[in-house]
Each structure stands twice: as structure tokens, then as C-alpha cells.
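Enquirer: Would you mind keeping the following structure in view while I ask a few things?
The values are calculated or read from the model by the stated rules, or taken from the named source; none is laboratory data. Bear in mind that the values here come from a model prediction, so they are computed numbers and not experimental data. When we count neighbours, we look across all protein chains shown, and the Cβ atoms used for this are built from the backbone with ideal geometry, even at glycine. Side chains included, ligands, DNA and RNA excluded: accessible areas come from the protein's heavy atoms. Shrake-Rupley method; radii C 1.70, N 1.55, O 1.52, S 1.80 Å.
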Amino acid sequence: MSYDSLPGGASPGGFGPPRPLFLLAATLSFVIAAAMMLAPSLTIAHGATPQKVVETIEIAAPPEKVWAVVGDFADVSWRPEIERAEAQGGNVPETATRRFYYKRGGSLDERLVQYDGAAMSLRYIIERADIAVLPVGNLSATLNVRGLPDGGSRVEWKSRFYRAFPGGNPPEQFTDEIAVDAVTRIFKAGLASLKAKLERP
């Protein structure tokens, strides 16, 4: 039996695979080549990707004393960027909320979503942010307090978020770098203030 007797006949010249297989290979080659040519434009048009900030600090105070401050969702006395806050719901997950008013203007709404007093850990999310003050979206943050062998504590504050501008090619004030820098500065300043407050004689 020759290729000519198979459905589709032989390839040009009477040799090689049947025509359907030849056409399939050619089509696949075209698709791969087209995808490679489009790859740069797809990268440029890519939307926002998740960002992370993790900051830790060691405090010369027992963990119970540290948790008494950071574990109170309504207590923002250790946050230097906040002028005042309105809070309700205590420390009850999905019920507790708070609204911050920044010293430089603008406000922020947060909701407590997890709370474990025994493990000294809580997690909250931002429900509404003034992006002129904090240029992020969909921020989720966790605060953990751990005891150290010397009787002190280590506080970890970590978050996951997106930049405020979700599409590709964001304005310069809404890039990933600007969002990460804003969250980092808040976390560093907050933890430094917490350490000073708790280590004060």
C-alpha cells in the first residue's frame, strides 16, 4: 500500500507523511511562532501581581504584655501615622471593624477576620483605603507575637496586597514599588513605635 492510497493522499513529491499530518505539523508550528511573537506584548499588558511585606522586631517585654497592646483590635495608640480611630465589635472576627483617620488626612476601613488569643495572632483586611495615602488594594495582614528564650518577644507583621492600579502600565504613583514602599514604611514605623512604647521605663 502506498501513501497515495491513504485518505488525503501523499505529501508533495510522493514521499513523507500523509497530508493531514503534514498540515497539522505546519499549523502547530505557526501557532507556536505566533505565541512567541505575542509574548512581549502579553508581558507588557499584564495586570497587577500580588506583593508581600514582612517586618519583624524584637521587644524587651514579655509576650503577654505585647499582645495586650497589639491584640486589642481597637487599640491604635502604637501606630504613629494615625490621629484617631473609631472601632466596634471588640475582637470578634467578622464583626470587629475599625476606621483610621490619618494625621496627614484620609481614612481607612479595616475588618478583623481571624483572632487567636492563645496563639497571639490576628489577621485583618482592608475594606476601603484612601489610595492617596495608602496606594494599595486587597490588603490582608497578620500580626503574630512570639516569646523569646530571654523573656522578650518577637513581633511579626506581614501582609499580602496589590497595587491600587490593577491594570497594566500603572501611573508612576501607583506602581508595585510605590505600594511596597508605602506598606513597608508603615510597618517599620509602627513596630518601632510599639517597641518604644513597651520598653519605656
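Enquirer: Only one of (1) of a type in the set (Gly, Ala, Ser); (2) over 26 Å from Arg146 (Cα atoms); (3) assigned to a strand (DSSP E or B) is not met by Ala87, so which one is it?
Expert: Checking Ala87 against (1) of a type in the set (Gly, Ala, Ser); (2) over 26 Å from Arg146 (Cα atoms); (3) assigned to a strand (DSSP E or B), the one that fails is (2).
Enquirer: Out of Tyr101, Tyr115, I need the residue that is in a strand (DSSP E or B), open to solvent by 30 Å² or more (accessible area, probe 1.4 Å), out of contact with any helix residue (DSSP H, G or I) (no Cβ under 7 Å at 6 or more places or on another chain) and farther than 19 Å from Ile186 by Cβ. Which one?
Expert: Testing whether each residue is in a strand (DSSP E or B), open to solvent by 30 Å² or more (accessible area, probe 1.4 Å), out of contact with any helix residue (DSSP H, G or I) (no Cβ under 7 Å at 6 or more places or on another chain) and farther than 19 Å from Ile186 by Cβ leaves just Tyr115.
Enquirer: May I pose another question? Can you tell me which of Glu55, Glu83, Glu110 is among the acidic types (Asp, Glu) and over 20 Å from Ser193 (Cα atoms)?
Expert: Just a single option satisfies the conditions, and that option is Glu110.
Enquirer: Right, something else. Looking at Val180, Val133, which is the one that is outside any helix (DSSP H, G or I), of a type in the set (Val, Ile, Thr) and touching a Lys or Arg at 6+ places or on another chain (Cβ under 9 Å)?
Expert: Val133
Enquirer: Any chance segment 119-126 includes a residue that's within 20 Å of Ser193 (Cα to Cα) and surrounded by fewer than 17 Cβ atoms within 10 Å (Cβ to Cβ)?
Expert: No, segment 119-126 contains no residue that is within 20 Å of Ser193 (Cα to Cα) and surrounded by fewer than 17 Cβ atoms within 10 Å (Cβ to Cβ).
Enquirer: Evaluate segment 63-75: report whether one residue or more is crowded, with 16+ Cβ neighbours inside 10 Å and within 24 Å of Phe165 (Cα to Cα).
Expert: No: segment 63-75 contains no residue that is crowded, with 16+ Cβ neighbours inside 10 Å and within 24 Å of Phe165 (Cα to Cα).
Enquirer: When you look at Leu143, is it among the hydrophobic types (A, V, I, L, M, F, W, C) and surrounded by 19 or more Cβ atoms within 10 Å (Cβ to Cβ), yes or no?
Expert: Criteria met by Leu143.
Enquirer: Still on this structure, I have one more. Restricting attention to segment 92-118, which residues are closer than 23 Å to Val66 by Cβ, more than 23 Å from the chain's Cα centre (by Cα) and free of Cβ contacts under 8 Å to residues at least 40 places away in the same chain?
Expert: Val92, Ala118
Enquirer: If you go through segment 143-169, how many residues are outside any strand (DSSP E or B) and over 12 Å from Lys65 (Cα atoms)?
Expert: 9
Enquirer: I'm checking my understanding of the structure. Among residues of segment 157-198 that are among the basic types (Lys, Arg) and buried (at least 18 other Cβ atoms within 10 Å of the Cβ), which one is farthest from the chain's Cα centre (by Cα)?
Expert: Filtering first and then ranking leaves Lys195.
Enquirer: Testing Asn138 on (1) within 13 Å of Gln51 (Cα to Cα); (2) open to solvent by less than 30 Å² (accessible area, probe 1.4 Å); (3) of a type outside the set (Lys, Arg); (4) assigned to a strand (DSSP E or B), one condition comes back false. Which one is that?
Expert: For Asn138, the failing item is (2).
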